[in-house]
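Chemist: The structure that follows is given in the form of structure tokens.
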Amino acid sequence: MKRRFGLFAGIFFFFALLVLLSSLEAQTPSTSDAVTGKVIIIPVQGEIETGLAFFIQRMIRKAEREGAVAVVLEINSNGGLISAAEEVKDTLLHSEVKTIAYVKNRALSAAALIAISCHKIVMEPGSEMGAATPIMLAGGSVQAAEAKFVSAFKAEFEASAEKRKRPTALAAAMVDKDHDELPDGLGKRGTILTLTTETARDHGYCDVIASNIESALMQLKLIPAPLERVEPTSGEWLARWLTSPNVSVLLFSVGIWLIILEFLVFGWGLLGWFGLMCLGLFFGGHLFAYLAGFESVLLFTVGLLLLLLEAFVIPGFGLTGI
């Protein structure tokens, strides 16, 4: 009798141990179904402008060409040019590579559109996303954009949210204050919506909360092999600076006034050429982004041409030779 009891007790404890081990295994994150491959991190920081848009588009083409499994856009921006954000949005919505927005601190205004256009959104604790009412610069002051511009920008948000299967009403409320009252007390009519990390997760605008990119990729079942962080080239940095709203407005204003002064007061001279250079940089600043990676070739070619000019056209050795 005692032997039978001991046998049954042993069998019972054996099966109990198996159940315990299986439950522990179920609670441990499994990487058997994780995807391994190259992951590219693209920094999206500061002002959103044309130079940054070109850089993001080039890096996504690079990711597609090299067969990367994902692209992470590390976003920390208060916004920028609507046109630049729309270019990035179109690229993201048609990307053949999985795109992940990693919101580091904030993705506001135009940056929010970029985040919403990605396949997945990851937010750091304490981050925010939204506040995308378009504004216009007029006479040195900032004022709200006209209704037609607000409507068009709202449609961009709604289209991206619809494509990524996120609530379109919340996307619209980030842009237009004339919206219906939102659920769960998110916002009343007359207010612009900005989502915090926890609120975004509860309402479909944050798939993962993570304190770093590595943790986010682990939760998304992605194993980066390798994890590559890219940076803009010198041409793209120059294009970003030239196409930023403050610099571009300054270039246009200085260029126009110098040409006017040169014609009406001084006659054509050095100031006129400087004014033309300012206008040239204003209208062609974005062309520097197209030259990304070819700066050394361009400098060599220009230098060679100037040396030939000095040798065969201009006598002696002077400014062009230097």
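Chemist: Going by amide H atoms built from the backbone, whose H comes under 5 Å of the H on residue 80, apart from near neighbours?
Modeler: For residue 80, whose amide H was placed from the backbone, the distant partners under 5 Å are 48, 110, 111.
Chemist: Do the alpha carbons of any pairs in 188/221; 98/188; 89/221; 89/177 sit beyond 30 Å of each other, and which pairs?
Modeler: 188/221; 98/188
Chemist: Using θ = phi - 60° and the Karplus form 6.51 cos²θ - 1.76 cosθ + 1.60, what ³J(HN,Hα) does each residue of region 114-127 get, whole Hz, x for Gly and Pro?
Modeler: 5, 5, 5, 7, 7, 5, 10, 10, 10, 10, 6, x, x, 8
Chemist: For region 152-198, rounded, prolate or oblate, judged on the Cα gyration tensor with a ≥ b ≥ c (square roots of eigenvalues), a/c < 1.5 rounded, else prolate if a/b > b/c?
Modeler: Oblate shape, in that a/c is at least 1.5 and b/c is the bigger or equal ratio.
Chemist: Provide the per-residue ³J(HN,Hα) series for region 174-189, in order, calculated from phi with Karplus coefficients 6.51, -1.76, 1.60 and θ = phi - 60°, each as a whole number of Hz, with x at glycine and proline positions.
Modeler: Residue by residue, region 174-189 yields 6, 9, 10, 6, 8, 10, 5, 4, 8, x, 6, x, 5, x, 9, 4 Hz.
Chemist: Now for a different question. Expressed in nm to one decimal, what extension gain is obtained for the pair residue 192 and residue 249 from 0.36 nm per residue of sequence separation less their Cα-Cα distance?
Modeler: Gain in length upon complete extension: 17.7 nm.
Chemist: Once both labels are modelled 7 Å past Cα along the beta-carbon direction, what's the residue 302-residue 256 spacing in nm?
Modeler: 2.7 nm
Chemist: Which residues in region 189-211 place their backbone N less than 18 Å from a point set 7 Å from the Cα of residue 135 along the Cα-to-Cβ direction?
Modeler: Residues 191-195 fall inside that zone.
Every number in this text was worked out from the coordinates using simple rules, so none of it is lab data. Worth saying up front: this structure is predicted, and the values here are computed from it rather than measured. Neighbour counts are summed over all protein chains in view; Cβ atoms, including those assigned to glycine, are modelled from backbone coordinates with ideal geometry.
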